[in-house]
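Below is one structure, written out as structure tokens; comments come after it.
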Amino acid sequence: MASQSEPQTIPSLMIDNPESLGLFLQDLIEAVHSQCPTLYVDLEGIQLSRNGSVSLLTVLLHSNGKSDRVYLVDIHKLGSSAFTTISTSSSDREIQTLKGILENRRIPKVFFDVRNDSDALFSHFGIRMKGIIDLQLMENASRHTGAKGKRFLAGLGKCILYDSGLSDAEKKVWETSKDKGKKLFAPEKGGRYETFNGRPLHDDLKIYCEQDVRLLPRLHEIYDAKLRKMSGSWVRKIKNETKRRLEESTAASYEPNGKDKALAPVWKEVSDDSSSDDEEWDGYEDTARDCEGWEDDMIKNGELF
């Protein structure tokens, strides 16, 4: 049991060779076929974008009735093979690789601000993600304020401190563990981004990466509950804006460090019968029906986003 000075962690597995990659893909594919999972994903790298590189991809596998599992995929070491290696554990050709899973609209993947992650994956590995839920957009839309109160986007740290429901002691532990990681890679704290490519990976960086995804399921539930109490049009607005983010981040004109990225989207009105994006999500309903309580979990599992 962790002491009050240690972060609560979920056991993580380092994926850095063909054998561990095969087991990771097998775990993902088995979960997709039998457990209706949600994947919580985060990337780290040097200037993470088309202008930099990808070092690590962290995946939290969240399934009903199963303990959460965290995988740290070493992209720096594995390179493109991390995404193109074919698993023999699936006869479905669409999800035999990590690339296929990230591009499959039926498998919900949750990010907090997907833009630069999408940019990096598309630019360096040709991955055009689908089935994405963006928690940053969910948080902004779920605020019980007018348009003025939604003007600026929140960062993950602020969301965890104000919305996660952690106790003050838990928040302090979380902040301490994050600060240890930042001191290793953040230039303003004396670190170097190249540290993400050092091997063996520093334990404090492993914890930093794990902490980035550990609380995402909790935030997802909280913002989902708020949105359920709001007009259904907000769900369609978030879905449209998520699609716009994905398209924008793969366009030649995308600016990874644009000054306007702190601004929330201009939430456009949509009609109740709006169906401009229905085609992108066709078929997910069949997957959702296989899950217990699918009708009550459509927002959370990504059907409407």
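The values are calculated or read from the model by the stated rules, or taken from the named source; none is laboratory data. As the structure is a prediction and not an experimental result, all values here were calculated from the model. Cβ: placed from backbone, ideal geometry, glycine included. Neighbour counts: every protein chain shown.
Applying the selection to segment 1-36, what residues are in a loop (DSSP other than H, G, I, E, B) and at pLDDT 95 or above?
Passing the criteria: ASP16, ASN17.
All but one of (1) modelled with pLDDT under 95; (2) surrounded by fewer than 17 Cβ atoms within 10 Å (Cβ to Cβ) hold for ASP212; which doesn't?
ASP212 satisfies all of (1) modelled with pLDDT under 95; (2) surrounded by fewer than 17 Cβ atoms within 10 Å (Cβ to Cβ) except (2).
Read through the list (1) charged (D, E, K, R); (2) in contact with a Lys or Arg (Cβ under 8 Å, 6 or more places away or on another chain); (3) surrounded by fewer than 21 Cβ atoms within 10 Å (Cβ to Cβ), then give the number of the only condition that ASP113 fails.
Only one criterion in (1) charged (D, E, K, R); (2) in contact with a Lys or Arg (Cβ under 8 Å, 6 or more places away or on another chain); (3) surrounded by fewer than 21 Cβ atoms within 10 Å (Cβ to Cβ) is unmet by ASP113, namely (2).
Which of the residues that make up segment 52-64 are touching an Asp or Glu at 6+ places or on another chain (Cβ under 9 Å) and either of a type outside the set (Val, Ile, Thr) or modelled with pLDDT under 95 (or both)?
Across segment 52-64, the qualifying residues are SER55, LEU56, LEU57, LEU60, LEU61, HIS62, ASN64.
Would you call GLY131 within 16 Å of the chain's Cα centre (by Cα) and farther than 21 Å from LEU13 by Cβ?
Yes, satisfied.
Test of understanding: among LEU43, LEU61, LEU23, which residue is more than 28 Å from GLY191 (Cβ to Cβ), of a type in the set (A, V, I, L, M, F, W, C) and surrounded by 20 or more Cβ atoms within 10 Å (Cβ to Cβ)?
Only one candidate qualifies: LEU61.
Quick check on my filter: what residues within segment 25-69 are closer than 20 Å to GLY100 by Cβ, touching a residue at least 40 places away in the same chain (Cβ under 8 Å) and more than 17 Å from the chain's Cα centre (by Cα)?
LEU25, GLN26, ASP27, ILE29, GLU30, HIS33 - these are the residues of segment 25-69 that are closer than 20 Å to GLY100 by Cβ, touching a residue at least 40 places away in the same chain (Cβ under 8 Å) and more than 17 Å from the chain's Cα centre (by Cα).
Which condition does TYR40 not pass, out of (1) at pLDDT below 95; (2) within 27 Å of LYS261 (Cα to Cα), if it passes all the others?
Looking at each condition in turn, TYR40 falls short on (1).
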